[in-house]
Amino acid sequence: MRSRSHGSPCRLHPGTMAVQRRESRVVSSPTTATRSASAKRLPSPPWKAPSRVNHPVIWTVGYAGKAFDEVVELLSADGVTRLVDVRALPLSRRRDFSKTVLSERLAASGIEYVHIRSAGNPFRHLADDLPRCLALYRAHLVHSPDVLAEVAHVASEKHSALFCVESEAKECHRSVIADMLAAKFGFGVRHL
């Protein structure tokens with residue numbers, strides 16, 4: 001079998017996904033207090049997914065090609081009050097979009113930041129074959145319903161937007177999450 005770096009087939013094994021750590025953090029204030037003091041943990045899984053959503057729309061936004069202020073304007077214009085970061089690794093070469101700076105600047109703009117690591121795409125290394133990458137991610141969510149339930153739980157509490165890198169939602173795993181939230185929980189979807 002060839003190594004993954006040389007384009008080997010990537011098979012989804014249900015047991016391998018359960019090893020990933022499921023963690024969410026809500027950063028609720030822009031204070032300069034220690035990181036642990038400014039972040040609060042959400043209840044531990046299993047998540048109780050909402051049977052009916054309070055805010056029936058989920059927005060999605062990617063930051064590629066946008067300045068931080070532009071992203072905030074898009075979110076504010078639609079009344080989004082919570083940004084749900086669905087990147088596995090919330091880091092960026094663009095400092096404003098790395099987790100710590102992003103959460104502090106969003107809080108200063110009145111937008112809450114939540115990172116859901118478990119919603120990250122474990123197949124992002126296959127981005128050159130986008131249909132395959134997104135199909136594998138969709139299968140991953142089917143085999144890991146607690147991930148989708150966690151996102152639904154967090155997104156149902158406030159006007160929320162799923163956040164990732166790609167500017168076009170159809171080229172990003174956040175569109176898969178949004179489509180599945182619509183199908184399973186009745187969310188409407190709006191890509192910014």
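Some points to look at:
- Per-peptide average of other Cβ atoms within 10 Å, ordering 81-91, 125-135 highest first: 81-91, 125-135
- Phi angles across the stretch 116-130 convert, under the Karplus curve 6.51 cos²θ - 1.76 cosθ + 1.60 with θ = phi - 60°, into 3J(HN,Hα) values of 10, 4, 5, 7, x, 8, x, 10, 4, 5, 9, 4, 5, 10, 4 Hz, Gly and Pro given as x.
- Relative to the current alpha-carbon distance between Ala182 and Arg124, full extension at 0.36 nm per residue lengthens the span by 18.6 nm.
- Nearby aspartates and glutamates by direct alpha-carbon distance to Lys184 (threshold 12 angstrom, same-chain neighbours under 8 apart not counted): none
- Each peptide in 152-164, 99-111 gets a packing score, the mean of other Cβ atoms within 10 Å over its residues, and the list from highest to lowest is 152-164, 99-111.
- Were the residues from Asp78 through Ser92 laid out at 0.36 nm apart, the gain over their Cα-Cα distance would be 2.6 nm.
- In plain terms, the residue of Lys170, Lys184, Lys66 with the fewest other Cβ atoms within 10 Å comes first and the most crowded comes last, giving Lys170, Lys184, Lys66.
Computed from the coordinates by the stated procedures, all read-outs in this text should not be read as laboratory data. Quick caveat, the model's predicted, so the values are computed rather than measured. So basically every Cβ, Gly included, is an ideal-geometry build from the backbone, and we count neighbours across all protein chains shown.
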